[in-house]
Amino acid sequence: MVELKTAREIERMRVTGQFVAEILGELRARAQVGVNLLELEQHVRQRIRERGANSCYWDYAPSFGRGPFRNTVCLSVNDAVLHGLPFDYTLRDGDVLSMDLAVGIDGWVADSATTVIVGTAAESDRRLVRATELALDAAIAAAQPGNRIGDISAAIAAVARAHGYPVNTEFGGHGLGRTMHEDPHVPNDGAPGRGYRLRPGLTIALEPWFAATTDRIVTDPDGWTLRSADGSRTAHSEHTIAITADGPTVLTLAA
C-alpha cells in the first residue's frame, strides 16, 4: 500500500534527511587511509545517540538478511556494494567505500547513500562512482508528478548503459516515510510509462548502484554483505525525495 504524505509530514522527513546528510558528510571526511570501519560505525552510533534519533538498521531482520542487523550504518568496500556489515578492516589507499544510512527522528525516516574513493583514485573507479551520481540525478529529474515508476527506472538504466555498466534489478529504490521500506519498489531498470503513477505526497528513496562488469551479486558468509559476483568494483548513490506539485524535492541534503 502506498501512503502519500502531507506537506507537513514531508517537512518532518526533511529534518531527518538533513541529519542523515550531515552524518554522511562527516563520514566522507573521516574515510581516510588508516581509518578502521569500526571507527566509522562508532561515530554514527554516537551521533544518533546524541540526537535522540533511531537507527533504522539496528535489529532490522528482513527475509534477505541473516538475523537482526546489529550496526547503524552499512559500509561496503570495493566489490561489496549493499548491506555491508562494518568489521575490523583498516581502509587502504584506493579503496572504494559505499556508505548507506537510514535514520528515524520523531517517527519519520530518511535514507541516503554515498560512495567515496579513499586516497588515490583510479580513473575507472572515479568513472564508476560518477555514473551512479549521474544516474541518481537522472532519476530525480524523471520523478515528475504524472510520470510513472518506469520512467525513473529507465532513466537510471540509460545512464548505466551509456557508461557500459550492466544493471541488477534485485535491489533498488523504495518508498519510505514512517518506516524504512514501504511501497512502491523502484527498480534500477524498467520501461518508460509503466508502473505506479507518481503523485504529489509520494516519498521514495532512489538508489542506483552498479558493478563494473556484472549484474550478478553474491552474499557473504555474514548473511548480509552483497558483492559483485565477479569481484569487480561497485558504487552506490542514494537520496530520499518527495514528489510535489512543482516537481521532485530532495530531502537528504545538509541544511
**Report entry** Top-ranked residue of the range 204-234 - restricted to ones that are small (Gly, Ala, Ser), part of a strand (DSSP E or B) and out of contact with any Pro (no Cβ under 9 Å at 6 or more places or on another chain), ranked as surrounded by the fewest Cβ atoms within 10 Å (Cβ to Cβ)
**Finding:** 228
**Report entry** All positions within the range 235-255 that are under 19 Å from residue 57 (Cα atoms), assigned to a loop (DSSP other than H, G, I, E, B) and touching an Asp or Glu at 6+ places or on another chain (Cβ under 7 Å)
**Finding:** 237
Query - Members of the range 96-107 found to be surrounded by fewer than 23 Cβ atoms within 10 Å (Cβ to Cβ) and either touching an Asp or Glu at 6+ places or on another chain (Cβ under 9 Å) or on the phi > 0 side of the Ramachandran plot (or both), listed by number - result: 106, 107
Report summary line: Considering residues that are open to solvent by less than 30 Å² (accessible area, probe 1.4 Å) and more than 16 Å from residue 98 (Cβ to Cβ), the number found within the range 235-248 is 5
Query - Scan of the range 146-174 for residues that are farther than 21 Å from residue 242 by Cβ and assigned to a loop (DSSP other than H, G, I, E, B), ordered by number - result: 163, 164, 165, 166, 167, 168, 169, 170, 171
Report task. List the number of the failed condition for residue 177; all other conditions in (1) of a type outside the set (D, E, K, R); (2) in contact with a Lys or Arg (Cβ under 7 Å, 6 or more places away or on another chain); (3) part of a helix (DSSP H, G or I) hold. Result -> (3)
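So is residue 255 aliphatic (A, V, I, L, M) and closer than 26 Å to residue 75 by Cβ or not?
Working: aliphatic (A, V, I, L, M): yes; closer than 26 Å to residue 75 by Cβ: yes.
Considered against the rule, which asks whether it is aliphatic (A, V, I, L, M) and closer than 26 Å to residue 75 by Cβ, residue 255 comes out as yes.
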Query raised in the report: Can you name the number of the only condition in (1) open to solvent by less than 20 Å² (accessible area, probe 1.4 Å); (2) without any contact (Cβ under 8 Å) to a residue 12 or more places away in the chain; (3) small (Gly, Ala, Ser) that residue 61 fails?
Result: (1)
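Taking the range 1-15 as the search range and keeping residues that are of a type outside the set (D, E, K, R) and in a loop (DSSP other than H, G, I, E, B), which one is most open to solvent (accessible area, probe 1.4 Å)? Full working, then the answer.
Narrowing the range 1-15 to residues of a type outside the set (D, E, K, R): 1-2, 4, 6-7, 10, 13, 15.
This time we only want the ones that are in a loop (DSSP other than H, G, I, E, B), so: 1-2, 4, 6.
Details: 1: 191, 2: 39, 4: 74, 6: 71 Å².
The extreme case among them is 1.
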Query raised in the report: Does residue 18 qualify as being open to solvent by 60 Å² or more (accessible area, probe 1.4 Å) and either part of a helix (DSSP H, G or I) or among the basic types (Lys, Arg) (or both)?
Result: no
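The values are calculated or read from the model by the stated rules, or taken from the named source; none is laboratory data. Keep in mind it's a predicted model, so treat the numbers as computed, not measured. Here Cβ is always computed from backbone atoms with ideal geometry, including for glycine, and neighbour counts include all displayed protein chains. Side chains included, ligands, DNA and RNA excluded: accessible areas come from the protein's heavy atoms. Shrake-Rupley method; radii C 1.70, N 1.55, O 1.52, S 1.80 Å.
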